[in-house]
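The values are calculated or read from the model by the stated rules, or taken from the named source; none is laboratory data. Keep in mind that what you see is a predicted model, and the values were worked out from it rather than measured. Glycine gets a Cβ as well: all are built from the backbone with ideal geometry, and neighbour counts include every protein chain shown. Heads up: the accessible areas ignore ligands, DNA and RNA and are worked out on the full protein's heavy atoms, side chains in. Shrake-Rupley method; radii C 1.70, N 1.55, O 1.52, S 1.80 Å.
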Amino acid sequence: MRWKLTTNLPVVAALIVACMARGQTGDAAPNDAPTLWYRQPATQWVEALPVGNGRLGAMIFGGVELERIQLNEDTLWAGGPYDPANPAALGALPEIRRLLAAGDYRQAQALVQEKFMARPMHQAAYQTVGDLLISVAGSEAVTNYRRDLNLDTAVACTEFQLGDTVYVREYLASAVDQVIAIRLTAHSARRPDRPARFSCTLAMQTPEHAETKAGAEGELVLHGVNTGFDTVKAALSFEARVRVVQTDGSIDADAAQLHLTNATTATILVAAATSYRRYDDVSGDPTERNQRTLEAAKEKSFAALRDAHVADYQRLFRRVALDLGHTVAEALPTDERVLAADLGKDPALAALYFQYGRYLLISSSRPGTQPANLQGIWNNSLWPPWGSKYTININTEMNYWPAEVTNLAECAEPLFAMIEDLSHTGAKMAHDQYGAGGWVAHHNTDPWRATGPIDGAFWGMWPCGGAWLCDSLWEHYLFGGDQAFLARAYPLMKGSAQFFLDTLVEEPKHHWLVTSPSVSPENAHHAGVSAAMGPTMDEQIVRDLFTHCIASAKILGVDADFAARLEAARARLAPNQIGAQGQLQEWLEDWDAGAPEQQHRHVSHLYGFFPGDQITLRGTPQLAAAVRRTLETRGDISTGWATAWRLNLWARLQDAGHAYRILEGLLGPARTYPNLFDAHPPFQIDGNLGGTAGIAEMLLQSHAGEIELLPALPPEWGTGHVQGLRARGGFEIDMAWDRGRLTSAVVRSRQGGMAHLRYGPQTRAFDISPGGSVVWDAR
């Protein structure tokens with residue numbers, strides 16, 4: 001091997017692979033854009049194609065005579081501002097802890113259920129706006145049908161032929177102009193340069209309490225209110241406004257429909273908004289916002305809207321390119337490729353899935369929006385599965401696993417904003433139910449930033465949700481090195497740490513400091529009983545939180561006394577333990593072998609291995625072996641998101657073959673719908689985003705103080721290249737490989753610093769200047 005330092009980025013790029021082009025901005029410009037495509041319209045929601053701008057989402061069905069475009073706006077949830085604190089909780093807490101210390105776990109859980117759960121015991125559900133319907137009269141047979149979603153442009157398209165006329169519909173969700181834009185055109189099948197005439201009718205429908213009226217200037221207006229839940233009353237108004245512009249046809253309206261006649265082209269703009277301003281303010285004016293948005297957007301041609309949208313989107317998407325090889329299988333429609341479920345014959349499907357996850361994150365989480373929820377931004381129901389909430393005992397965190405490593409750090413900003421909100425609502429929860437300072441959030445939250453334990457004591461009595469969210473703040477700093485961000489994040493981490501300083505208790509056997517009451521998320525240690533003291537995951541999360549606060553205080557030059565208190569408490573936390581089966585123990589006691597569900601979907605106690613770094617292959621080999629033993633017992637077959645977590649864990653174990661088998665299962669028809677949505681089942685987006693992170697973890701790891709290249713590359717990906725992955729320390733990585741061996745690699749540094757590189761047994765260290773790079777070539 002030969003290494004050298006360089007700042008000549010054109011030369012650096014040339015060393016990667018000849019077929020990987022760069023634009024003037026340095027972005028990847030793939031020759032063949034990753035695309036989902038189909039030979040028929042969607043008949044189910046999980047066959048429709050998603051578009052989104054972070055705030056507005058739409059599912060495109062691609063119907064011929066009736067096109068359904070299902071709409072979402074990210075602040076349309078049930079209910080309104082509420083306080084879930086239970087006034088009986090604080091008085092019951094000492095007895096709950098006494099029962100747990102005495103080993104009476106069942107009675108402790110019963111008391112939690114009776115006295116400690118939030119009021120109400122459920123949270124708000126994410127809700128649909130409704131549907132825009134476009135109907136076309138016609139009796140001709142349909143030929144030459146195709147619908148697709150181009151991941152490089154974030155533009156969906158439906159094209160088909162009726163008789164001698166070809167109809168083309170394009171759809172995009174613009175973050176620049178804050179509209180969903182649809183262009184309808186028609187042309188002669190024999191003469192593509194000759195426009196053809198068409199007519200259609202536009203209508204809207206919704207399950208919400210709302211009505212639709214046709215307004216002036218070719219508009220449809222859907223106006224309504226949300227629904228309440230439990231004891232929480234509805235508090236939001238919402239509006240969706242559809243306007244037909246840039247058409248040469250005539251527009252007529254009746255009470256609730258628009259009729260477009262004799263047009264060759266038309267652009268439809270969709271704006272939607274609610275009265276939500278923040279978790280405690282619902283005083284917004286959705287009508288004023290929509291009118292202002294549409295007035296600005298209507299002045300632009302569809303081409304201008306499209307160009308601005310594509311440029312904005314590609315600024316993010318084109319940072320990373322991935323090629324895992326090509327076969328004739330990728331010429332098939334996407335649903336047929338999923339049904340075949342053969343990555344060995346179709347390696348490009350894994351690359352498509354990887355980029356689809358990045359597309360979904362960009363489309364459902366942008367600065368200024370709500371974070372991606374359990375379904376990202378797409379939901380067709382008033383009461384979706386699990387409320388489509390923010391489940392923060394794994395799912396919300398998993399949504400953002402790919403953000404840093406796949407070069408989409410900005411997309412995590414909504415998560416950070418939510419953590420700031422939770423630090424306020426969680427402070428009241430900490431005071432009211434624990435008598436503690438700082439702030440706490442349990443295993444779920446919603447747009448009202450509720451932080452109480454919900455659903456039931458078995459699932460909800462877990463106080464570490466906010467602490468786990470704080471890990472994303474530290475990871476963002478590690479990848480970017482921005483001390484201004486760290487100064488913003490540190491008070492949030494400190495507040496969470498303060499809560500645990502105030503609430504950790506001494507367990508009776510070893511006198512370790514532990515959480516109490518708690519659970520190992522959603523898992524029973526005895527039949528029907530989850531209540532426990534200090535489950536392994538809690539101790540790992542709190543250890544990370546204290547460690548990150550201590551490091552942050554040192555970097556920022558603040559709070560030396562507080563950091564010293566954290567160090568003292570950290571030294572008394574319960575350690576990771578290996579049980580009699582050689583497994584990593586899930587609880588303080590070695591209950592694993594007798595636990596009711598040996599193959600439980602959650603692998604909570606493996607947090608310390610992934611996404612954490614307390615356990616590493618080389619640093620703590622015995623504990624890493626215990627992680628492997630646990631995974632072997634848990635099994636590979638699980639729900640979609642749990643399969644994605646297993647993928648990341650096996651990748652971090654650097655077992656390429658096992659990680660590859662997990663990925664095959666994730667991308668097969670049992671866990672992936674025809675539109676590539678993850679099947680929990682039903683749909684949850686965390687499996688998609690966790691899967692994308694898992695593929696990245698197979699190619700690059702940087703958690704253990706080194707940047708490790710191709711640590712879990714399976715033989716099925718013998719030749720390929722990747723461009724633009726990020727590593728902790730402010731580095732970006734390009735790699736190419738052939739016959740399973742690294743052939744070229746470039747490490748670029750944004751902020752400067754030491755890059756400790758590893759490939760197989762070989763290691764090198766380089767001090768790279770800001771803007772510089774290190775190159776290895778095989779010549």
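Please identify the trypsin sites (Lys or Arg not before Pro) of the stretch 246-340 that satisfy two criteria: DSSP loop assignment and at most 12 other Cβ atoms within 10 Å. Which are they?
Details: sites: 277, 278, 289, 292, 298, 300, 306, 315, 318, 319, 337; in loops: 277, 298, 300, 318, 319.
Those satisfying the criteria are 277.
Among 214, 504, 118, which residue has its Cα furthest toward the positive end of the charge dipole of the chain, with +1 on Lys/Arg Cβ and -1 on Asp/Glu Cβ?
Towards the positive end, the residue furthest out is 504.
Would you mind giving the three semi-axes, in whole Å and largest first, of the ellipsoid equivalent to the chain according to its Cα gyration tensor? Intermediate values should be presented prior to the final figure.
Details: eigenvalues 376, 228, 106 Å².
Semi-axes, largest first: 43, 34, 23 Å.
How big is the Kirkwood radius of the stretch 369-514, worked out from every pair of different alpha carbons and given in Å to one decimal?
Values: mean 1/r = 0.0625 Å⁻¹.
Final number for the Kirkwood radius of the stretch 369-514 is 16.0 Å.
Considering the alpha-carbon set of the stretch 520-559 alone, what are its Rg and its Dmax in angstrom?
Rg, Dmax (Cα atoms, Å): 15.5, 49.
So which lysines can residue 233 reach, going by Cα to Cα under 28 Å and dropping same-chain residues fewer than 8 places off?
Here the lysines satisfying the reach criterion relative to residue 233 are 115, 213, 389, 428.
Please grab the % of Cα pairs in the stretch 570-713 that end up more than 27 Å from each other. All intermediate terms of the calculation are to be shown ahead of the outcome.
Details: 2220 of 10296 pairs.
That fraction is 22 percent.
Can you spot the lysines whose alpha carbon is less than 28 Å from residue 554's alpha carbon? Ignore those fewer than 8 places along the same chain.
Reachable lysines: 494.
How about residue 345: which aspartates and glutamates have a C-alpha closer than 12 Å to its C-alpha, ignoring those fewer than 8 places off in the same chain?
330, 664, 716
Nothing charged except the Cβ atoms of Lys and Arg (+1) and of Asp and Glu (-1): what's the magnitude of the dipole of the stretch 415-490 about its Cα centre? Round to the nearest 20 debye. Please report the intermediate quantities before stating the final value.
Values: 3 positive and 8 negative charges, 30 e Å.
The dipole magnitude comes to about 140 debye.
So for the chain, averaging the separation of alpha carbon pairs under 8 Å that are six or more residues apart and normalising by length, what relative contact order in percent results?
On the way: 1875 pairs, mean separation 107.5, N = 779.
Once divided by the residue count of the chain, the mean separation gives 14 percent.
Which value, in debye to the nearest 20, describes the size of the charge dipole of the chain about its Cα centre when Lys and Arg Cβ atoms bear +1, Asp and Glu Cβ atoms bear -1, and nothing else is charged?
Numbers: 66 positive and 86 negative charges, 292 e Å.
The dipole magnitude comes to about 1400 debye.
Stokes-Einstein diffusion coefficient for the stretch 700-779 at 20 °C in a medium of 1.002 mPa s, Rh from the Kirkwood formula over Cα pairs: what value in µm²/s? Spell out each step's value before the answer.
On the way: Rh = 12.7 Å.
Translational D for this selection: 169 µm²/s.
Rounded to the nearest 10 degrees, what's the angle between the helix 348-364 long axis and the longest principal axis of the chain, both from Cα atoms, 0 to 90?
90
Using a simple charge model, +1 on the beta-carbon of Lys and Arg, -1 on the beta-carbon of Asp and Glu, nothing else, what dipole does the stretch 51-103 show about its Cα centre, in debye to the nearest 20? The partial results should precede the final answer.
On the way: 4 positive and 6 negative charges, 73 e Å.
Result for the stretch 51-103 is approximately 360 debye, rounded to the nearest 20.
Lys/Arg Cβ at +1, Asp/Glu Cβ at -1, dipole of the chain taken about the Cα centre: which of 692, 377, 145 is farthest positive-ward?
The one lying farthest along the dipole's positive direction is 692.
Cβ neighbours within 10 Å, averaged per peptide: list 260-267, 375-382, 151-158, 324-331 in order, most packed at the top. Walk me through the intermediate numbers first.
Values: 260-267: 18.4, 375-382: 23.9, 151-158: 21.9, 324-331: 15.0.
By packing density, highest mean first, the sequence is 375-382, 151-158, 260-267, 324-331.
Using a 1.4 Å probe on the protein heavy atoms, what percent of the accessible area of the stretch 414-487 belongs to carbon and sulfur? All intermediate terms of the calculation are to be shown ahead of the outcome.
On the way: 920 of 1650 Å².
Roughly 56 percent, rounded to a whole number.
Per residue, how much accessible surface does the stretch 198-342 expose to a 1.4 Å probe? Answer in Å², no decimals. Write out the running numbers ahead of the final one.
Numbers: 6230 Å² over 145 residues.
Normalised by residue count, the accessible surface of the stretch 198-342 is 43 Å².
Quick one: in the stretch 670-735, what % of C-alpha pairs are over 13 Å apart?
Numbers: 1466 of 2145 pairs.
Here the tail beyond 13 Å accounts for 68 percent of pairs.
Once phi is turned into θ = phi - 60°, what whole-Hz ³J(HN,Hα) does the Karplus curve with 6.51, -1.76 and 1.60 give for every residue of the stretch 504-510, x standing for Gly and Pro?
For the stretch 504-510, the Karplus-derived couplings read 4, 10, 8, 7, x, 7, 10 Hz, x marking Gly and Pro.
What area, in nm² and to one decimal, does the C-alpha convex hull of the stretch 541-634 cast on average over all directions?
Numbers: hull surface 27.0 nm².
Result: 6.8 nm².
For the stretch 438-502, take the convex hull of the Cα atoms, compute a quarter of its surface area, and give me that in nm², please. Walk me through the numbers before you get to the answer.
Details: hull surface 20.3 nm².
Its average projected convex-hull area is 5.1 nm².
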